[in-house]
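Note sheet for the following structure.
The values are calculated or read from the model by the stated rules, or taken from the named source; none is laboratory data. All figures in this text were calculated on a predicted structure; none of them were measured in a lab. A quick note on method: Cβ atoms are made from the backbone with ideal geometry, for glycine too, and the neighbour counts reach across all protein chains shown. Quick note on the areas: whole protein, heavy atoms, side chains included, nothing else; ligands and nucleic acids left out. Shrake-Rupley method; radii C 1.70, N 1.55, O 1.52, S 1.80 Å.
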Amino acid sequence: MIRQFELVERVKAYDPSADEDAINRAYVYAMKMHGAQKRASGDPYFSHPIEVAGILTQFHLDGASIITALLHDVIEDTTSTLEEIQKIFGADIARLVDGVTKLTRLELTSDQANKQAENFRKLVLAMSEDIRVLLVKLADRLHNMRTLHYIENPEKRKRIAMETMEIYAPLAERIGMQEIKNELEDLAFGELHTDVRQSITNRLDFLKQSGGNLIGHILAELDDVMKGNKLVAEISGREKTPYSIWRKMQRKDVGFEQLSDIMAFRIIVDNVDGCYRALGVLHSHYPVVPGRFKDYISLPKPNGYKSLHTGVLGPEHQRIEVQIRTRDMHEVAELGVAAHWNYKDGGPNTDGRQYRWLRELLDILDHASGPEEFLEHTRLEMFQDQVFCFSPKGDLIALPRGACPVDFAYAVHSQVGDTCVGAKVNGRMVPLKAALVNGDQVEILTSKAQTPQPAWERFVVTGKARACIRRFIRNQQRSQFLALGREILSKAFRQEGYDLTNKALDGVLRQFKAASADDLIVEVGEGHHTGREVLLAVYPGLKEHQHAPNVVPLPKQKDKTKQSGKHENAVPIKGLIPGMAMHFAGCCHPLPGDRIVGIITTGRGVTIHTIDCDMLSNLQDQPERWLDIAWDAGAEIKSHTSRISMVVANEQGSLGTLATVIAKNKGNITNVKITNRSADFFELMVDVEVHDVRHLTNIIAALRATPEISSVDRARS
Ligand code: MN
């Protein structure tokens, strides 16, 4: 435990204007008030606020923060009152202590999302008034995590660890308290995944034992290299926490084999110019590991962090990660918000509103319609790293890491998101799911005919994009299933000479547990009930044997007599109702002439597969999703994409010959992908637009007759 004079000395060392007398009074007051109270560890309770104050001195926090730390539990846990604090320590300290006390009362990870959101709201509001409230709370949480193992109740330990991982560690990162964040995460990790952490620690120990003084050698060589280039630099190595190693293993899907995987090297130089020179020296001396370079100097993180990051195949052929920064940047990285506090000019600026992200959060608080919406839209996003992209006009749009052009489009306006059909990044067309990176200039192409696509949901990362897509799909899906269900039911009714009316269904709603006739029809469309089942419920006198299925149980039993598809269809397929969303499966590329089957997929309408597609075997046990469909011979002939795999001799002109053969047979090549390339052969996948199977068969036959092409097949995956 830190002694009284020691604490005062520590604070005075960096904040000479701190009120020494008040710190002394607070120290004694906390000791007196907590008296004989004990912690779970058996230590006297007052050791806790003193340790919390000690943690804050490491981050050079001002005298008022230290006093607040000493007093942070007296109101909650002793007979002390806010009035008394105000009388003894003044209004400022009372306000800070009150803020921390309120935070302590929050049960952040309550089971009800509602309550959690409400509490999170309060937390943000409290922080925004004075960032020191949060700093004291973080130090409090850090000390509690360090002593978490003394708590006997495992559920309580787990709850505290979860809360730390989800709320406090991300907040620490947000205000740049990297060290606190790392330690909080690692401690929580140890509680939540005790075994995983243990096995990583064992592996670390093993590598350290077998690696000898490898780190020392790497440091010495880096030092030589810098000196040799007349760069004054301070070089150090730091071991990563087991948690950050685990995160890296999860993200990159790799293990750690080398000792250097667990070390981060740091080069500190005098000025920004030196950073880039040191980077140049590193990159010219050692091969660069691709994809590791990050310039957080020209594009700092939202919390103010600046550095250059790179990876090289360094000394001793070890893959190493290096951070390069100036002394000032280093201070910000180590001290976070406190680094900017200048004690000489009238104390720190502690108004949290100076932080852009905090301002944005408060903005959302004002506009969110309900607490859940607030959580959905902000909590996840604020906790992720961001990428900063620009609109063609130069407007800056901040998005979470991993965001794609669709996220960008929705961030601009939901209307833009709903109608986006393509994107140009830095002037080039990119897929809508491409991940955006810092500095990208993004131009969104829109079309009035476009609607949100269900597939987008798989790659968007922002809450706004996801919410808009889901809302659209829900509405669209329902109207599709309603139309499909009505079609199925009308047919079943007609076959027995009845008309389908909502009134006829009203009598059986209860039996099917449906709220309305439309709901029941939707359920039929979704395949929960067959048309015949509903018909028999309405007219129980009818006999079962006349059953004529509209839904086909299995492909083998497929009814060969086709329905007469007299209605107009936008697609040349019989058995689908007009307006039903459909698309051709990417696995088997069905062509007119292929035997096909439709699969009803939630949220995507109907997917058309060839009857021999391998994917269908997974759906054997869900006959309700199979739709009997066929190509409509009378429909307008359109081109369809088919895929051919080929092995072609690797010689001059062979690709040209291939293209000529396909063109002569009136096929249109839309894409070519070389899947394998050796000295003698290319393996290719070629996408060709054709009319139907016969057309494709002709092209394949022509290709087979070409000497340069050694094998040709229709691709089935
Ligand atoms: Mn406490």
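Each residue in segment 300-326 was checked for being over 17 Å from Glu221 (Cβ atoms), surrounded by fewer than 19 Cβ atoms within 10 Å (Cβ to Cβ) and touching a strand residue (DSSP E or B) at 6+ places or on another chain (Cβ under 6 Å), and 2 pass. Total residues in segment 681-717 satisfying the condition of being open to solvent by less than 30 Å² (accessible area, probe 1.4 Å) and in a loop (DSSP other than H, G, I, E, B): the figure is 2. Applying the criterion of at least 3 residues that are touching a Phe, Trp or Tyr at 6+ places or on another chain (Cβ under 9 Å) to the helices (runs of 4 or more DSSP H) found wholly in segment 424-528 leaves 463-495, 517-525. Within segment 63-81, identify whether any single residue is more than 16 Å from the ligand (Cβ to nearest atom) and touching a Ser or Thr at 6+ places or on another chain (Cβ under 8 Å), and answer yes or no. For segment 63-81, residues more than 16 Å from the ligand (Cβ to nearest atom) and touching a Ser or Thr at 6+ places or on another chain (Cβ under 8 Å): present.
Selection of segment 141-160 for residues being of a type in the set (Lys, Arg) and more than 14 Å from the ligand (Cβ to nearest atom) yields Lys156, Arg157, Lys158, Arg159. If we keep just the residues of segment 4-27 that are surrounded by fewer than 16 Cβ atoms within 10 Å (Cβ to Cβ) and within 46 Å of the chain's Cα centre (by Cα), which is farthest from Gly63 (Cα to Cα)? Selected residue: Glu6. Annotation for segment 208-220: at least one member residue is in the same structural domain as Cys275 (by TED's automatic domain parsing), over 29 Å from Arg325 (Cα atoms) and open to solvent by 20 Å² or more (accessible area, probe 1.4 Å). Answer yes or no as to whether Gln495 is within 23 Å of Leu432 (Cβ to Cβ), touching a residue at least 24 places away in the same chain (Cβ under 8 Å) and surrounded by 13 or more Cβ atoms within 10 Å (Cβ to Cβ). So Gln495 does not fit the description; no.
Each residue in segment 28-59 was checked for being within 18 Å of Leu184 (Cα to Cα), among the β-branched types (Val, Ile, Thr) and either within 11 Å of the ligand (Cβ to nearest atom) or exposed (fewer than 14 other Cβ atoms within 10 Å of the Cβ) (or both), and 1 of them qualify.
Entry remark, segment 78-103: residues being crowded, with 16+ Cβ neighbours inside 10 Å and in a helix (DSSP H, G or I) number 14 in total.
The residue of segment 510-536 that is farthest from Lys491 (Cα to Cα), among those that are open to solvent by 20 Å² or more (accessible area, probe 1.4 Å) and hydrophobic (A, V, I, L, M, F, W, C), is Ala515.
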